[in-house]
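Heads up, the thing below is written out as structure tokens.
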Amino acid sequence: MKIVFMGTPDFAVPCLRTLAESSHEVAAVFTQPDKPKGRGYKLIPTPVKAAAEEYGIPVYQPLSLRKGEDAEESMRILWETAPDLIVVTAYGQILPKEILELPKYGCINIHASLLPRYRGAAPINWVLLNGEKETGVTSMQMGEGLDTGDILIKKATEIGKNETYEELYARLSAMGGEVLAETIDALEKGTLTPEVQDDSLSCYSPMIRKEMSALDFNKTAAEVHNTIRGVTGFTLLEGKRLKVFASELAEGSFDSAENGAVVDTKRFAVKCGDGRAVIFRQVQPEGKKRMNTEDFLRGKKLAEGELLG
């Protein structure tokens, strides 16, 4: 089978590797344009581009697939390539109808949620922000709507109570490759049974905004914990920014303390609005490296009752 792959971040790399190391021909890869990074604003290739170059696969990086000269050139390339299937994983562009209908088997998307739940751009963040206990990966036959196409294969996984975005992202990325391999195998055998999504069960996961990371200790400890897990939290300690990458919920209640007060100096536990506390497990003080809390506390003495925020 001749396949065109479309993807951009490292989440999509296991899917590309699955295809490149299979018996199928990956005829082309489409990814977002390189972006400048660092002090010198050096152009850095996307993770998918870097992986594609390892396999010697031709790479195309149009600014748009829907309008302008890039879109016209992309359509010409796709017509000449004549793929049997297009696979899309976190590409970052909306495919026009002409592309969706071009391949013999259409376009298949690998999405990091259990559709129809958490359609949209940031499903991994939002399952953690909302304290979900389960998520997974879904392969879907793409249509013109946003993540509304027929479900092909779903694979579920439990979410750890302290699991962070980085950890869940890595697990679901690997699962994406597995679901894609299973989907293409079933497609070839003719055993796929597409399932129409029930829109009444759907919910949306919009883009994450920077301000969502601010920790509000008037909220419940679970909400603060889920903010840290889902988007990495930040607060102020002695007027300086403190990022929090990992946390857990403390046992017991601390009703006598103020919200945002340190209630355990040995474990860096902070009291929240419901009387419970959240324990910071991994932090990054302003101007310093990310570190485990134990290392942070060796160089910083906290005072009980000290307020954050």
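Let's see how each residue does on (1) buried (at least 16 other Cβ atoms within 10 Å of the Cβ); (2) in the same structural domain as Ile184 (by TED's automatic domain parsing); (3) closer than 27 Å to Val137 by Cβ:
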residue: Pro36; (1), (2), (3): no, yes, no
residue: Tyr55; (1), (2), (3): no, yes, yes
residue: Pro62; (1), (2), (3): yes, yes, yes
residue: Leu100; (1), (2), (3): yes, yes, yes
For strands (runs of 3 or more DSSP E) lying entirely in the stretch 222-309, having 1 or more residues that are crowded, with 20+ Cβ neighbours inside 10 Å and not hydrophobic (A, V, I, L, M, F, W, C) picks out 233-237, 240-249, 269-271
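Restricting attention to the stretch 192-231, report how many residues are among the hydrophobic types (A, V, I, L, M, F, W, C) and under 24 Å from Ser253 (Cβ atoms). Can you show your working first?
Here is the first cut: in the stretch 192-231, the ones among the hydrophobic types (A, V, I, L, M, F, W, C) are 192, 196, 201, 203, 207-208, 212, 214-215, 217, 221-222, 224, 228, 231.
If we keep only those that are under 24 Å from Ser253 (Cβ atoms) too, we end up with 215, 217, 221-222, 224, 228.
So the answer is 6.
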The condition of being within 20 Å of His24 (Cβ to Cβ) and of a type outside the set (Ser, Thr, Tyr) holds, among Ile94, Ile124, Ile77, only for Ile77
Original post:
Any residue at all in the stretch 229-240 that is closer than 30 Å to Leu114 by Cβ and aliphatic (A, V, I, L, M)?
Top reply: yes
Flagged in the stretch 23-50 as touching a helix residue (DSSP H, G or I) at 6+ places or on another chain (Cβ under 8 Å) and more than 21 Å from Cys107 (Cα to Cα), in numbering order, are Asp34, Pro45, Pro47
Checked the stretch 174-191 for anything closer than 14 Å to Pro14 by Cα and surrounded by fewer than 20 Cβ atoms within 10 Å (Cβ to Cβ); matches are Ala174, Met175, Glu178, Ala181, Glu182
Taking the stretch 54-111 and keeping residues among the hydrophobic types (A, V, I, L, M, F, W, C), free of Cβ contacts under 8 Å to residues at least 60 places away in the same chain and over 26 Å from Ser205 (Cα atoms) leaves Ile57, Val59, Ala71, Met75, Ile77, Trp79, Leu102
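The values are calculated or read from the model by the stated rules, or taken from the named source; none is laboratory data. Just so we're clear, the structure is a prediction, and the values are computed from it rather than from any experiment. Counting neighbours? That spans all protein chains shown, and the Cβs are built from the backbone with ideal geometry, glycine included.
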